[in-house]
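The values are calculated or read from the model by the stated rules, or taken from the named source; none is laboratory data. Since the model is a prediction, treat every value here as computed from it, not as a measurement. Positions of Cβ are backbone-derived with ideal geometry, glycine not excepted, and every protein chain shown enters the neighbour counts. To get the accessible areas, we keep the full protein, side chains included, count just its heavy atoms, and leave off ligands, DNA and RNA. Shrake-Rupley method; radii C 1.70, N 1.55, O 1.52, S 1.80 Å.
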Amino acid sequence: MQIPGATNFRRIGTLRPVLYRSDHLGALDEDDARQIQALGITRVLDFRGVDERTSAACRLPGVVVHSLPIEPTIVQKLQVMAATGQRPTPREVDQLMRDTYRAFVRHNTHRFAEFFGYLLESDEPTVFHCTAGKDRTGLAAALLLHAVETPAEEVMQDYLLTNDRLAMPEQSRHGLPQDVMEVLWRVQPEYLAAAYAEAEDRFGSIDDYLAEGLGLGDAQRQRLKALYLGG
């Protein structure tokens with residue numbers, strides 16, 4: 001499925017087609033919205049921060065939007081650099097991306113726990129997203145796939161598919177050079193690995209992170225399998 005107003009909208013790995021991931025839904029036109037509505041989606045889980053939601057409100061009619069705000073700290077850091085006359089290099093942005101993923105675990109585990117709370121309530125047709133659908137959304141999708149015991153290579157394949165799907169804007173709103181944009185608008189295995197490393201540092205393993213950090217014990221993981229794997 002190709003949605004011009006949300007180019008990173010897609011199914012998640014081999015999960016049942018009741019759960020989708022996407023970039024933001026604030027640029028949809030009527031045809032885009034009709035395509036998504038045809039999937040029966042009635043629930044939206046939005047990881048965007050306050051300003052992001054305000055500037056690009058969801059344009060999908062007939063849905064209930066649940067806000068799970070994770071503020072885009074990398075954008076804030078780049079804005080500070082620009083305001084002080086610093087020109088970020090691709091290497092610096094790459095490191096900021098790794099730090100961002102570690103911070104997802106360090107500071108926003110409660111948001112991902114809320115995300116799983118909604119998924120455990122029911123298999124109501126749902127789309128979850130952030131702005132680009134690659135980092136906050138990418139980590140959420142990876143954790144979900146891991147929770148239902150998807151092979152690691154398939155988890156990574158779903159994560160990296162963003163690089164084929166997400167349309168990079170022609171110009172940066174923050175005046176960033178092209179080489180920096182190429183880093184900022186793509187995902188790399190090392191970014192996901194940084195989040196996993198933080199989880200392992202704090203909890204011992206990814207499975208312990210799921211159990212202790214996200215509240216996904218054996219019973220919850222079995223329920224996720226029943227709801228989203230169909231058995």
**Request:** Inspect segment 49-69 for any residue being more than 30 Å from Val148 (Cα to Cα) and in contact with a Lys or Arg (Cβ under 7 Å, 6 or more places away or on another chain) and give the result as yes or no.
**Result:** no
**Asked** Could you list, in sequence order, the residues of segment 19-36 that are touching a helix residue (DSSP H, G or I) at 6+ places or on another chain (Cβ under 7 Å) and hydrophobic (A, V, I, L, M, F, W, C)?
**Response** Leu19
**Message:** Quick test for you: out of Tyr191, Tyr228, pick the one residue that is touching a strand residue (DSSP E or B) at 6+ places or on another chain (Cβ under 8 Å), open to solvent by less than 30 Å² (accessible area, probe 1.4 Å) and modelled with pLDDT of 95 or more.
**Reply:** Tyr228
**Request:** Output the residues belonging to segment 50-70 that are assigned to a loop (DSSP other than H, G, I, E, B) and either open to solvent by less than 80 Å² (accessible area, probe 1.4 Å) or at pLDDT below 95 (or both).
**Result:** Ala56, Ala57, Cys58, Leu60, Pro61, Gly62, Val63, Leu68, Pro69, Ile70
**Fill in**
When every residue in segment 145-163 that is of a type in the set (A, V, I, L, M) and not in a helix (DSSP H, G or I) is compared, the one farthest from the chain's Cα centre (by Cα) is Val148
**Residues located in segment 158-207, provided they are over 18 Å from Tyr101 (Cβ atoms) and of a type in the set (S, T, N, Q)** = Gln171, Ser172, Gln178
**Message:** Which of the numbered conditions does Lys134 fail, given that it passes all the others? Conditions: (1) at pLDDT 95 or above; (2) within 29 Å of Arg91 (Cα to Cα); (3) among the charged types (D, E, K, R); (4) outside any loop (DSSP other than H, G, I, E, B).
**Reply:** (4)
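Rundown of residues vs (1) among the β-branched types (Val, Ile, Thr); (2) surrounded by 21 or more Cβ atoms within 10 Å (Cβ to Cβ), yes/no style:
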position	(1), (2)
Leu120	no, no
Gly133	no, yes
Thr137	yes, yes
Ala141	no, yes
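Can you say whether Arg16 is modelled with pLDDT of 95 or more and closer than 28 Å to Arg98 by Cα, as far as the supplied structure shows? Explain how you work it out, then say what you get.
Working: modelled with pLDDT of 95 or more: yes; closer than 28 Å to Arg98 by Cα: no.
Criteria not met by Arg16.
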**Request:** Output yes when any residue across segment 174-188 is over 18 Å from Met156 (Cα atoms), open to solvent by 60 Å² or more (accessible area, probe 1.4 Å) and not in a helix (DSSP H, G or I), and no when none is.
**Result:** yes
**Members of segment 164-173 found to be open to solvent by less than 70 Å² (accessible area, probe 1.4 Å) and either farther than 17 Å from Phe9 by Cβ or assigned to a loop (DSSP other than H, G, I, E, B) (or both), listed by number** = Leu166, Ala167, Met168, Pro169, Ser172
**Request:** Go through the residues of segment 172-186 one by one and say whether even a single one is among the aliphatic types (A, V, I, L, M) and within 13 Å of the chain's Cα centre (by Cα).
**Result:** no
